[in-house]
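The structure under discussion appears below in the form of structure tokens.
The values are calculated or read from the model by the stated rules, or taken from the named source; none is laboratory data. Keep in mind that what you see is a predicted model, and the values were worked out from it rather than measured. Neighbour counts are summed over all protein chains in view; Cβ atoms, including those assigned to glycine, are modelled from backbone coordinates with ideal geometry. SASA here: full protein model, heavy atoms, side chains in, ligands and nucleic acids out. Shrake-Rupley method; radii C 1.70, N 1.55, O 1.52, S 1.80 Å.
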Amino acid sequence: MLYSEKVLDHFSNPRNVGEIEDADGVGEIGNAKCGDIMKMYLKIDDNIITDAKFKTFGCGAAVATSSMATELIKGKSIDDALKLTNQAVVEALDGLPAVKIHCSVLAEQAVRSALSDYYTRQGIDPVPIVGEIKEPEE
């Protein structure tokens, strides 16, 4: 299985690892089949994601996609973060092997899950905005 230089870089030197103590939104998503678990923490100020951190238990591709997803949403508006697709994560990493595409779906869902939590904490029903959070398929 060949990984791009970017995947290897984000795996070896992941960005934004850790947790945010006073996060405005926290989301956790897992894939029971492969055992990957991602936890995403967001700090949101005036509709802008000022900080994003993650903790991922899983394979190298899971770590790399989490790292890239946080990089892609930091400094962006909530609306932009909601437009983040697993395809955008894959493209930003210069591709992923087919058997690892589910990791990029986990990263997208982790971001959505954290945004869903953010809206819930604001007393807003997240489903019309964020959509349903589903456990990704293999």
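Tabulated data
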item	result
Criterion: open to solvent by less than 70 Å² (accessible area, probe 1.4 Å), farther than 21 Å from Glu19 by Cβ and not in a helix (DSSP H, G or I) - qualifying residue of Gly95, Gly75	Gly95
Test: residue in segment 38-47 that is under 23 Å from Ile20 (Cα atoms), free of Cβ contacts under 8 Å to residues at least 40 places away in the same chain, basic (Lys, Arg) and surrounded by fewer than 22 Cβ atoms within 10 Å (Cβ to Cβ)	yes
So Thr65, is it among the β-branched types (Val, Ile, Thr) and closer than 16 Å to Phe11 by Cβ	yes
Subset of segment 100-118 (residues that are touching a residue at least 40 places away in the same chain (Cβ under 8 Å) and closer than 16 Å to Gly131 by Cβ)	Leu106, Ala107, Gln109, Ala110, Val111, Arg112, Ser113, Ala114, Leu115, Ser116, Asp117, Tyr118
Flag if Ala88 is open to solvent by less than 10 Å² (accessible area, probe 1.4 Å) and either at pLDDT below 95 or outside any loop (DSSP other than H, G, I, E, B) (or both)	no
Qualifying residue in segment 100-123 (condition: out of contact with any Asp or Glu (no Cβ under 6 Å at 6 or more places or on another chain), farther than 12 Å from Leu82 by Cα, assigned to a loop (DSSP other than H, G, I, E, B) and among the small types (Gly, Ala, Ser))	yes
When residues of segment 99-125 are limited to those that are more than 12 Å from the chain's Cα centre (by Cα) and among the hydrophobic types (A, V, I, L, M, F, W, C), the one least open to solvent (accessible area, probe 1.4 Å)	Ile101
Exclusive hit being hydrophobic (A, V, I, L, M, F, W, C) and within 17 Å of Tyr41 (Cα to Cα), set Val89, Val127, Val111	Val111
Selected residue (criterion: least open to solvent (accessible area, probe 1.4 Å)) from residues of segment 19-37 that are more than 23 Å from Tyr119 (Cβ to Cβ) and not polar (S, T, N, Q)	Asp36
Every residue from segment 1-55 that is out of contact with any Lys or Arg (no Cβ under 9 Å at 6 or more places or on another chain), in a loop (DSSP other than H, G, I, E, B) and at pLDDT below 95	Leu2, Ala32, Lys33, Cys34, Gly35
Flag for Thr65 being surrounded by 18 or more Cβ atoms within 10 Å (Cβ to Cβ) and assigned to a helix (DSSP H, G or I)	yes
